[in-house]
Each structure stands twice: as structure tokens, then as C-alpha cells.
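Please treat every number below as a calculation from the coordinates, not as lab data. Fair warning: this is a prediction, and the values are worked out from it, not measured in the lab. We place every Cβ from the backbone using ideal geometry, glycine too, and count neighbours over all the protein chains shown.
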């Protein structure tokens with residue numbers, strides 16, 4: 001069944017992103033609010049507004065039809081694990097998103113509360129961390145570890161978030177503290193403070209994929 005789209009004619013109701021259908025605000029602090037968005041097949045997140053810069057990871061893809069207010073619907077193909085940043089502070093937007101596919105459409109992402117960057121400066125990270133985003137607001141890396149592989153020490157120089165694209169068993173080593181074993185699941189989210197120097201080691205039997213963001 002196709003979703004019942006809301007017509008832009010006649011001044012439709014527009015809500016902030018945190019009140020949009022299927023948008024779950026799962027975390028909020030002084031820096032950002034984190035959104036977990038899952039739109040089932042045949043459902044629609046009706047018109048909602050974006051006024052703050054937004055970074056996201058595609059967690060499950062389907063035919064998601066986006067319609068800007070006053071515009072025409074379109075579908076942009078996406079891949080699981082793909083990252084995207086939208087500069088809504090510079091150009092606010094209003095749209096609705098209809099899942100016209102046959103499976104869930106899911107993103108995990110966050111709005112940045114500060115309207116201007118400049119409070120933090122992320123540091124470079126060694127391989128196998130791979131940079132996937134670097135702009136005036138955020139920097140992001142993808143970390144993929146096969147069983148038995150490890151990532152060398154790096155420092156969290158700016159606060160940020162971790163999103164788990166593929167879960168598994170990791171040991172996180174933080175300087176000056178005992179090793180910390182983590183049983184990460186697909187779709188897990190963690191807030192990460194500044195300061196710690198850490199290593200990561202895959203001690204499980206499955207590939208682990210993380211996307212980690214640091215604020216600027």
C-alpha cells in the first residue's frame with residue numbers, strides 16, 4: 001500500500017523534526033539532539049522543518065521519496081553506512097519523506113545546536129580509521145575491524161557520537177583504565193566525551209563497522 005502523502009496546498013501543518021512521525025529523539029545534551037528515524041513500508045513522515053545542521057548515517061535503505069515543500073517528489077538511491085551532512089543553518093528546509101519501498105527506511109543522526117563552529121578541533125586518526133566526512137561542523141571516520149584486527153591508539157579531541165553499523169565484540173582500551181569489553185549491536189549509539197586516548201580490538205567472530213563523528 002502506498003503512503004497517503006500530504007498535499008503542500010492549503011498551508012499544511014509543519015512540525016519541528018523532533019515531533020515528526022517516526023522520528024525518535026533518543027538523546028539530547030548541550031551540543032546536539034540525536035534522532036533515530038525508522039519509516040516502515042507504506043508510511044510517511046509528513047512535513048517537518050529542519051533549521052539546524054544535521055549529520056546522519058543511513059542504516060537501512062528502501063525507496064524513500066522526499067518531497068520539499070512546494071517541490072516535486074524524488075528518490076535518491078542510498079547505501080547502508082553512507083554518511084550525509086546538510087547545512088540547514090545556512091538554508092533551512094521543510095520536507096516530507098514517504099517510504100514507497102518494501103522494507104524499512106532508517107537513518108540515525110543528530111542536529112547540532114551551536115549555529116557557529118569553532119569550539120573544537122578534531123585530531124587526525126591513524127588507519128584503519130578512514131575519513132568519510134570533514135566540513136566546517138563535523139569530522140567523521142569509518143572503522144571496520146575484522147575478527148582479530150585492532151585499531152591503534154587515537155585521542156578523542158572533540159566530543160561526538162559513535163553509531164554502530166555492524167555489531168560485534170570489541171575490547172576498548174582507554175589509557176590509565178582497565179580494558180573494557182563491549183558487545184555492540186546494530187543501531188547502537190554512544191555519546192563520546194573529549195580526552196581519552198583509546199584503542200579498539202575485535203575479539204569476536206564478526207566484522208564490526210562503526211561511524212564516529214567529532215564536533216567542530
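List of remarks:
- A Stokes-Einstein calculation at 25 °C with viscosity 0.890 mPa s, built on the Kirkwood radius of the stretch 1-126 over Cα pairs, returns a diffusion coefficient of 159 µm²/s.
- The ratio of the alpha-carbon radius of gyration of the chain to the globular-protein estimate 2.2 N^0.38 Å is 1.08.
- Label sites at residue 69 and residue 115, each approximated as a point 7 angstrom past Cα along Cα to Cβ, lie 1.8 nm apart.
- Residue of 175, 111, 82 that the Gaussian network model of the chain assigns the largest fluctuation, springs spanning Cα pairs under 10 Å: 175
- Zone of residue 199's modelled label, taken as backbone nitrogen in the stretch 152-188 under 13 Å from a point 7 Å along Cα→Cβ: 152-154, 171-180
- Distance (nanometres) between label positions extended 7 Å along Cα→Cβ at residue 179 and residue 60: 3.4 nm
- Prolate/oblate/rounded call for the stretch 95-161, Cα gyration tensor, a/c under 1.5 rounded: oblate
- Kirkwood Rh and Cα Rg combined as Rg over Rh, evaluated for the stretch 79-204: 0.99
- Packing, as the average of other Cβ atoms within 10 Å across residues, places the peptides 23-33, 150-160 in the order 150-160, 23-33, highest first.
- Measuring how big the stretch 130-215 is from its alpha-carbon positions, Rg and Dmax come out at 12.3, 37 Å.
- Summarising the overall dimensions of the stretch 128-171 from its C-alpha atoms, the Rg and Dmax are 11.7, 35 angstrom.
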